[in-house]
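In what follows, a single structure is set out as structure tokens and then discussed.
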Amino acid sequence: MARQSAFRSGEEGLLRAPFIYRDDEALEKKLQLSLILRLASYMRPYPRLIAFALLATGGNLVVTLLAPYLVGRAVDALVGRGHAHVLLGYAAALVALYLMNFLASFFRIDLTNRLGQRVIQRLRDELFVHVQGLSADFFDARPAGSILVRILNDVNSLQDLFTNGVINSITNVFTLIGIIAIMFSLNWQLATVTLVVVPFMFMLSLRLTVQIRRAWQQVRLRLSRLNAHLAEAIQGMRVTTAYVRADENQRFFEEMNRDYMRTFLRAQRFSIPFGPLVDLTGALGSALLFWYGVHLVHTGVVTVGLLVAFANYLGSFWTPISQLGQLYNQILVAMASSERIFQYLDTRPTVADQGVVRELPPVRGHVEFRHVTFAYQADRPAIEDISFVARPGETIALVGHTGAGKSTVVNLLARFYDPTSGEIRIDGHDLRSVSLASVRRQMGMVLQDTFLFSGTLMDNIRYGRPDATDEEVIAAAKAVYADEFIRRFPDGYFTEVQERGARLSQGQRQLISFARAILADPRILILDEATASIDTYTEHLIQRALRVLLEGRTSFVVAHRLSTIRESDQILVFDGGRIVERGRHDDLMRRRGFYYKLVQAQYRSMMSEG
Ligand SMILES: Nc1ncnc2c1ncn2[C@@H]1O[C@H](COP(=O)(O)OP(=O)(O)OP(=O)(O)O)[C@@H](O)[C@H]1O
């Protein structure tokens, strides 16, 4: 179950935390057969890898079962003063066995890693492709960080299970059965005595490894909190400095850091006794075996060599038992991770092509909203009964107070969401009846906060049309007056964009996004005008660039510049999710209604400038 907890410092209780950390990810869950089967299905495409890996582990198995027996025989030969060549024979056989062991281990590790990595790679690809195809509401509902964690950490946590878990546990079960069978066939009394400590080994393995794993999980949790805090602290450094919060942040960080250290020390205190306890159990087992075995040797029931062989078999019990304990742990962790992964994989996009859809033919640009209502959350419509017509080539300005519903209208037009009721038509085609890709290909979007990807400025403009030549990219930049500032960089168009374009000004980023849009040359353009104040020169460039960009396309502009609004063919004035006025600037001003007041309040200063 999802768990939300504020940051706690050890057992001391709630800190006065400036941030609340959501540890909403359960670390382990009970066994669920359906999840196990679904996980197992990811191994199905690799029958050959599995078969060869099992074959290789079979090699290890043979050595584990035979080597102690041969050692026992060699000891008997030694005790009985056998011929040197007999002893040499055993030694040679043992060398041959361990050579085989080396080869078998090499192939087993290589093959199981290949298997594990292929499964993980496939799962991660599948998850990425799936998440990429999900609709906007999915991304609204969760922070990017938690999606990232699933694609990376949750998938990684399955790695051990697929790499070692499955194959090794099959071999481990056979090893245990094999050793027990051989021991009983050699001498049932010694076998019984040897097996006395095995249940203790099992209990020790399960109890201790569960505890140790939980303790280390806590360490990892603290570390990821520390990471998250650090990332936030660095990103928000300016705000921290501006609000003089450095001291408080420092105290919080120190507290988290100390908490991490305490948890680490606690975890390693759990881990320290593990090895010695294992040795102790082994030693007790050997003591029991020798105490009873010596008696059997004296009475001539068994040879010294057999006793040595049994002591070796006892030593061979530990590895499979501890690995089976680990498998149990891996499965518990896998239950929690895989449940989350499958939850994503089972999420269907809310906006998707339904049944057979047609391609939207080349668009002329006639857009119509018919009685469109949309609610992000049921019963709370963000827009209600919106109707309007945009003719090809027109510029439509959407204005209104914040939260009035302007972005919602353009989000519906781009089909990030589907209307709750009503319909949207492009050139007479209902948006839901044509393929999503064919709509989006013919539509361009320029958002307020231009997203620049890592790469050069050239790459970033080309994002609008991947097959454009360098000359076309430069022509696009020239058309929107971006060429001048780009050429001023020492590397010009080949300037690397770092940190999402942090080295570019807001205005420059806007111009890059204009160039990107004009290169794509869409028939329908959605533009969310940036609100950030820009220096007068760049502002002037942007206004001229906008005219070029809007020319000849049907454009929807969430407008913040009075100049853009004035020049548009139609202004839709939004209030509380409805269109309350519509028309051209001069008519609306003359009417002295809502728009007039809005302009008075919001745009007065700009009006005096423009
Ligand atoms: N992803 C979302 N999930 C839930 N509610 C949302 C979401 N996006 C917007 N809303 C709500 O829908 C209403 C309309 O928001 P919208 O973003 O369309 O307004 P806007 O006019 O574009 O505002 P702004 O000018 O501030 O961008 C608001 O009440 C807002 O809180």
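The values are calculated or read from the model by the stated rules, or taken from the named source; none is laboratory data. Just so it is clear, the model here is predicted, and its values are computed rather than measured. Here the Cβ is made from the backbone with ideal geometry for all residues, glycine too, and neighbour counts use every protein chain on show.
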Quiz item: Counting only residues that are away from the ligand (no atom under 13 Å from the Cβ) and not in a strand (DSSP E or B), how many does the range 392-410 have?
Solution: 3
Exercise. Taking A336 as meeting all but one of (1) more than 16 Å from the ligand (Cβ to nearest atom); (2) over 30 Å from L161 (Cβ atoms), write down the number of the exception.
Key: (2)
Exercise. Identify all residues within the range 363-403 that are buried (at least 21 other Cβ atoms within 10 Å of the Cβ), among the small types (G, A, S) and more than 18 Å from I526 (Cα to Cα); write none if there are none.
Key: A382
Quiz item: How many residues does the range 340-391 contain that are of a type outside the set (V, I, T) and within 16 Å of the ligand (Cβ to nearest atom)?
Solution: 14
Self-check item: Matching residues in the range 134-152 - criterion: being at pLDDT 80 or above and surrounded by 13 or more Cβ atoms within 10 Å (Cβ to Cβ)
Solution: L134, S135, A136, D137, F138, F139, I151
Quiz item: For S185, all conditions in the list (1) over 17 Å from P273 (Cβ atoms); (2) in contact (Cβ under 8 Å) with a residue 40 or more places away in the chain hold save one; what is the number of the exception?
Solution: (2)
Practice problem: Return only the number of the condition from (1) farther than 30 Å from F162 by Cβ; (2) free of Cβ contacts under 8 Å to residues at least 40 places away in the same chain; (3) within 16 Å of the ligand (Cβ to nearest atom) that A141 does not satisfy. | Solution: (1)
Quiz item: Exactly one of (1) surrounded by fewer than 19 Cβ atoms within 10 Å (Cβ to Cβ); (2) part of a helix (DSSP H, G or I); (3) in contact (Cβ under 8 Å) with a residue 12 or more places away in the chain is unmet by L161. Its number?
Solution: (1)
Quiz item: Consider V304 against the criteria (1) surrounded by 15 or more Cβ atoms within 10 Å (Cβ to Cβ); (2) closer than 25 Å to L161 by Cβ: it satisfies all of them except one. Which criterion is unmet?
Solution: (2)
Exercise. Can you give me the number of residues within the range 417-450 that are within 13 Å of the ligand (Cβ to nearest atom) and closer than 14 Å to V372 by Cβ?
Key: 2
Quiz item: For V333, are the conditions met, namely being more than 30 Å from L176 (Cα to Cα) and modelled with pLDDT under 85?
Solution: no
Quiz item: Taking helices (runs of 4 or more DSSP H) that do not extend beyond the range 419-525, which have at least 2 residues that are farther than 30 Å from V367 by Cβ?
Solution: 457-462, 470-479, 483-488
Self-check item: Boolean, R561 is within 20 Å of D449 (Cα to Cα) and outside the structural domain of G400 (by TED's automatic domain parsing)
Solution: no
Practice problem: Of the conditions (1) in contact with a Leu (Cβ under 8 Å, 6 or more places away or on another chain); (2) buried (at least 17 other Cβ atoms within 10 Å of the Cβ), F274 clears all except one; give me its number. | Solution: (2)
Self-check item: For Q354: the one exception among (1) outside the structural domain of A414 (by TED's automatic domain parsing); (2) in contact with a Phe, Trp or Tyr (Cβ under 8 Å, 6 or more places away or on another chain)
Solution: (2)
